[in-house]
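Colleague: Handing you this structure, nothing more for now.
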Amino acid sequence: MLLLCVLFAFIAGSIPFGWILARLKGIDLTQVGSGNIGATNATRALGKAAGALVLFLDASKGFFPVWLARRYGLAASELPFDGASPAIVGVAAICGHVFSPWMGWKGGKGVATSLGVFLALSPLSAGIACLAFLVCFAVFRIASIGSLVASLVLVVTMVVRHEAVGSIIAVVATFVIVVVRHTDNIRRLWTRTETRL
């Protein structure tokens with residue numbers, strides 16, 4: 001059951017909603033702006049409404065596999081760590097988004113999908129991370145700063161709240177993925193050439 005849930009989560013996560021919506025409008029999202037298929041670049045290329053839709057869809061493909069796994073009895077006791085099974089399903093969805101087979105094993109940066117995953121695993125912690133993103137974005141108008149800060153806040157919040165061990169491992173792994181996927185953004189932030197939204 002766990003393997004089936006992981007496979008479903010990876011496939012769901014791999015659906016490149018941003019790229020699909022852009023293609024419907026005759027735009028190749030990988031060839032405009034930052035070339036990323038996520039909500040930020042979709043907002044730049046397609047407008048706020050389309051960007052919000054991409055954000056919702058990318059978050060949903062993280063949320064629903066985890067929610068379904070928990071709703072229909074994927075037992076936390078299947079693995080040694082408490083809460084490990086739903087957390088693994090969540091990480092699979094994030095990996096599907098970041099390494100989408102439909103995009104040549106490339107993909108987005110995993111932020112919106114991670115939001116969906118942790119809304120299912122720990123709604124309060126995810127809400128605090130969202131607040132951190134909104135504050136950073138309001139101050140700097142740079143999505144990458146908000147994403148990196150929110151990812152760090154999510155880790156700290158879940159550790160402080162003593163979440164399940166499986167969820168802690170998942171959030172640390174997710175933080176690493178997000179930071180690695182933002183390497184170019186970090187370089188541009190260091191040189192003060194990162195684009196504002």
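The values are calculated or read from the model by the stated rules, or taken from the named source; none is laboratory data. The shown structure was predicted, so the numbers you read here are calculated from the model rather than taken from an experiment. Glycine gets a Cβ as well: all are built from the backbone with ideal geometry, and neighbour counts include every protein chain shown. Remember, those area values only see protein heavy atoms, side chains included, never the ligands or the DNA or RNA. Shrake-Rupley method; radii C 1.70, N 1.55, O 1.52, S 1.80 Å.
Colleague: Which of the helices (runs of 4 or more DSSP H) found entirely inside the stretch 1-58 contain at least 2 residues meeting this: farther than 27 Å from T193 by Cα and open to solvent by less than 30 Å² (accessible area, probe 1.4 Å)?
Modeller: 2-14
Colleague: While we're on this one: Take the stretch 87-133 and flag every residue that is within 9 Å of the chain's Cα centre (by Cα) and polar (S, T, N, Q).
Modeller: Listed by number, the residues that qualify are T113, S114.
Colleague: Can you find a residue that is open to solvent by 50 Å² or more (accessible area, probe 1.4 Å) and of a type in the set (G, A, S) anywhere in the stretch 105-115?
Modeller: no
Colleague: Still on this structure, I have one more. Among the residues of the stretch 77-94, are any free of Cβ contacts under 8 Å to residues at least 40 places away in the same chain and either of a type in the set (K, R) or more than 26 Å from P16 (Cβ to Cβ) (or both)? Steps first, answer last, please.
Modeller: Pass one, the stretch 77-94, residues free of Cβ contacts under 8 Å to residues at least 40 places away in the same chain: 77, 80.
With either of a type in the set (K, R) or more than 26 Å from P16 (Cβ to Cβ) (or both) added as a condition, the list becomes 77, 80.
Yes: one or more hits.
Colleague: How about the stretch 71-84: which of its residues are over 25 Å from R181 (Cβ atoms) and either within 19 Å of the chain's Cα centre (by Cα) or at pLDDT 95 or above (or both)?
Modeller: none
Colleague: Report the residue count in the stretch 149-178 for those that are aliphatic (A, V, I, L, M) and either open to solvent by 60 Å² or more (accessible area, probe 1.4 Å) or under 25 Å from K48 (Cα atoms) (or both).
Modeller: Number of matching residues: 11.
Colleague: Which one is nearest to V176 (Cα to Cα) among residues in the stretch 122-136 that are open to solvent by 20 Å² or more (accessible area, probe 1.4 Å) and either in contact (Cβ under 8 Å) with a residue 40 or more places away in the chain or among the β-branched types (V, I, T) (or both)?
Modeller: Only one residue fits best here, namely I128.
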